Amino acid sequence: MSSNTSWTNLQTVNLSWNNISDKGAEHLSNNKTWTNLQTVNLSSNNIGDKGSERLSHNKTWTDLQTLDLSSNNINDKGVEYLRSNQTWNNLQTLKLDRNSIDGKGVEHLSNNKTWTNLQEVHLSSNKIGEKGAEYLSKNTTWTNLQTLHLSSNKIGDKGIEHLSNNKTWTNLQDLNLSKNSIGDKKLSV
């Protein structure tokens, strides 16, 4: 499929709930024809850090707006690879829910300086914890961020305190912090 050279107008590829794995991610990333691609959904595909590395080398998807890698096997190293991509300047939605990302991975992600158009970041059901919330709070690049989903991440009271210190996300409209063991005293932050 990724070797097809006639689908030059392709804008959306949805391969969710397959078994693409790292090798398949590499094949997709090597495609040079899909220059109009805007949405790539690779959720639930057994993609790990190696697949993330391969995807991060993609230089063709200059119009990419949505990348869904939720429910895979990506951990901190995979996020470090992804954030190194300098081509996806138009990325608006990044979904990394239900992976194995902890605080270090969030540090890599929040230090990306290329994805200035990000409007949605989904990191629910990872393990970013208090430290990850602290790294996120220091992000100064996502000035267009409107949606941030962080449910089920063990952020706790200290984590919510860190997040509330961010002054960059002035466009934030949707913040999901459910299932994070946040106490009542930190809600006045």
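The values are calculated or read from the model by the stated rules, or taken from the named source; none is laboratory data. Only a predicted model underlies this, so the values are computations on that prediction, with no experimental measurement involved. Counting neighbours? That spans all protein chains shown, and the Cβs are built from the backbone with ideal geometry, glycine included.
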**Message:** Is it the case, given these coordinates, that GLU161 is buried (at least 16 other Cβ atoms within 10 Å of the Cβ), of a type in the set (Asp, Glu) and in contact with a His (Cβ under 9 Å, 6 or more places away or on another chain)?
**Reply:** no
**Asked** Is there a residue being part of a helix (DSSP H, G or I) and within 13 Å of the chain's Cα centre (by Cα) anywhere in segment 94-106?
**Response** yes
**Prompt:** For ASN117, which of the numbered conditions (1) modelled with pLDDT of 95 or more; (2) more than 14 Å from the chain's Cα centre (by Cα); (3) more than 19 Å from SER181 (Cβ to Cβ) fails to hold?
**Reply:** (2)
**Message:** If I filter segment 161-189 down to residues being of a type in the set (A, V, I, L, M, F, W, C) and farther than 22 Å from LEU94 by Cβ, which single residue comes out as modelled with the lowest pLDDT?
**Reply:** VAL189
**Request:** Could you look through segment 107-130, keep only residues that are in a helix (DSSP H, G or I) and out of contact with any His (no Cβ under 9 Å at 6 or more places or on another chain), and pick out the one that is surrounded by the most Cβ atoms within 10 Å (Cβ to Cβ)?
**Result:** LEU109
**Prompt:** Given (1) touching a Lys or Arg at 6+ places or on another chain (Cβ under 8 Å); (2) closer than 22 Å to ASN111 by Cβ, where does SER181 come up short, assuming only one miss?
**Reply:** (2)
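What number of residues within segment 24-46 satisfy the criterion of being over 15 Å from GLN65 (Cα atoms) and either within 18 Å of the chain's Cα centre (by Cα) or surrounded by 13 or more Cβ atoms within 10 Å (Cβ to Cβ) (or both)?
Residues flagged as over 15 Å from GLN65 (Cα atoms) and either within 18 Å of the chain's Cα centre (by Cα) or surrounded by 13 or more Cβ atoms within 10 Å (Cβ to Cβ) (or both) within segment 24-46 amount to 13.
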**Request:** Please determine, by comparing only the residues of segment 21-42 that are outside any loop (DSSP other than H, G, I, E, B) and among the aliphatic types (A, V, I, L, M), which one is farthest from ASP97 (Cα to Cα).
**Result:** LEU28
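Here is a check on your reading of the model: is THR5 in a loop (DSSP other than H, G, I, E, B), out of contact with any Ser or Thr (no Cβ under 7 Å at 6 or more places or on another chain) and not aromatic (Phe, Trp, Tyr)?
Spelling it out, it is not the case that THR5 is in a loop (DSSP other than H, G, I, E, B), out of contact with any Ser or Thr (no Cβ under 7 Å at 6 or more places or on another chain) and not aromatic (Phe, Trp, Tyr).
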